[in-house]
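A quick write-up on the structure given underneath.
The values are calculated or read from the model by the stated rules, or taken from the named source; none is laboratory data. Everything quoted here is computed from the prediction, not taken from an experiment. When we count neighbours, we look across all protein chains shown, and the Cβ atoms used for this are built from the backbone with ideal geometry, even at glycine.
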Amino acid sequence: YKSAKTACLKSCSLMGVQYFDLYLMHWPEAQKPSCSNREMRAETWRSLEELYEEGICRSIGVSNFLIHHLEQLKEDCSVVPHVNQVEYHPFQQPNDLIEYCRKEGIVFEGYSPLAKGQVFKNPVVQQIAEKHKRTQAQICIRWSIQNGVVTIPKSVKKNRIWENCQVFGFQLDEADMVALGGLHDGRHVSWDPTNVH
């Protein structure tokens, strides 16, 4: 409980800011064997609720939480997460989780929209990119946006950051969306919280 609040306040100080627009609990599993995962999530979340109530965090959220994690959090705490940040790309489409988040008023935010580069080798993605005269990255980011997912592509290269932003001047058609949606095979390229209880 205290360590989460201390970490947030220290981060504010180090960054020279008075508040964060969004602060996330990164993972649903306890790092210490002394408490259960559920207890850790509830204690950490109560700390984030305090930071939210004090205005230090304008929004609070979670990352890598599945439906059962969110249900437990609702039972144990008073503020529903504003955001759930989860792996999302054509190969990993947790549609039940997305629907749950929408129903509960939780913004679904997708990370790894390029599946750590695995989309670049996929012939379906390549064909759609050629059709629209766009990059495979732009196709996958656009697909996420058209699915109503807040998308956060990662890059440290200026030209790729610029390229990733150039996704609003075109639309994928229904056939493109269906083809990309059909690529789901359940693979994770990052965290897999499935076995965290």
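Taking into account only those residues within the range 52-67 that are aliphatic (A, V, I, L, M) and surrounded by 21 or more Cβ atoms within 10 Å (Cβ to Cβ), which is nearest to PRO28 (Cα to Cα)?
Result: VAL62.
Scan LEU180, LEU172 and give me the residue that is surrounded by 13 or more Cβ atoms within 10 Å (Cβ to Cβ), at pLDDT 95 or above and not in a loop (DSSP other than H, G, I, E, B). Write out each step before concluding.
Values: LEU172 fails: not in a loop (DSSP other than H, G, I, E, B).
Criteria check complete, one pass: LEU180.
Looking at VAL80, VAL156, VAL150 in this structure, which one is in contact with a helix residue (DSSP H, G or I) (Cβ under 8 Å, 6 or more places away or on another chain) and aliphatic (A, V, I, L, M)? Explain how you work it out, then say what you get.
Details: VAL156 fails: in contact with a helix residue (DSSP H, G or I) (Cβ under 8 Å, 6 or more places away or on another chain); VAL150 fails: in contact with a helix residue (DSSP H, G or I) (Cβ under 8 Å, 6 or more places away or on another chain).
After ruling out the rest, the residue left standing is VAL80.
Enumerate the pairs (first residue in the range 33-54 and basic (Lys, Arg); second residue anywhere and in a helix (DSSP H, G or I)) with beta-carbon separation below 8 Å, excluding pairs fewer than 6 apart on the same chain, so at least 6 apart or on different chains.
What qualifies is ARG38/GLN72; ARG38/ASP76; ARG41/HIS69; ARG41/GLN72; ARG41/LEU73; ARG41/ASP76.
When residues of the range 1-51 are filtered for being modelled with pLDDT of 95 or more, surrounded by 15 or more Cβ atoms within 10 Å (Cβ to Cβ) and of a type in the set (Phe, Trp, Tyr), how many remain?
Of the residues in that region, 3 qualify.
Out of curiosity, is PHE91 modelled with pLDDT of 95 or more, touching a Lys or Arg at 6+ places or on another chain (Cβ under 7 Å) and aromatic (Phe, Trp, Tyr)?
Yes; evaluated as a whole, the condition is true for this residue.
Could you say which residue among GLN72, GLN118, GLN18 is part of a helix (DSSP H, G or I), over 12 Å from the mean Cα position of the chain (by Cα), closer than 30 Å to VAL156 by Cβ and not β-branched (Val, Ile, Thr)?
Numbers: GLN72 fails: closer than 30 Å to VAL156 by Cβ; GLN18 fails: part of a helix (DSSP H, G or I).
The match here is GLN118.
Take the residues in the range 152-169 that are outside any helix (DSSP H, G or I) and either of a type in the set (Val, Ile, Thr) or over 14 Å from LYS133 (Cα atoms) (or both), then tell me which one is nearest to the chain's Cα centre (by Cα). Let's see the steps before the verdict.
Keep residues of the range 152-169 that are outside any helix (DSSP H, G or I), which gives 152-157, 166-169.
So of that shortlist, the ones also either of a type in the set (Val, Ile, Thr) or over 14 Å from LYS133 (Cα atoms) (or both) come out as 152-157, 167.
Numbers: ILE152: 8, PRO153: 10, LYS154: 12, SER155: 16, VAL156: 19, LYS157: 21, VAL167: 19 Å.
Top of the filtered list is ILE152.
Given ASN122, ASN159, which one is over 30 Å from ASN37 (Cα atoms) and touching a residue at least 24 places away in the same chain (Cβ under 8 Å)?
From the options ASN122, ASN159, the qualifying one is ASN122.
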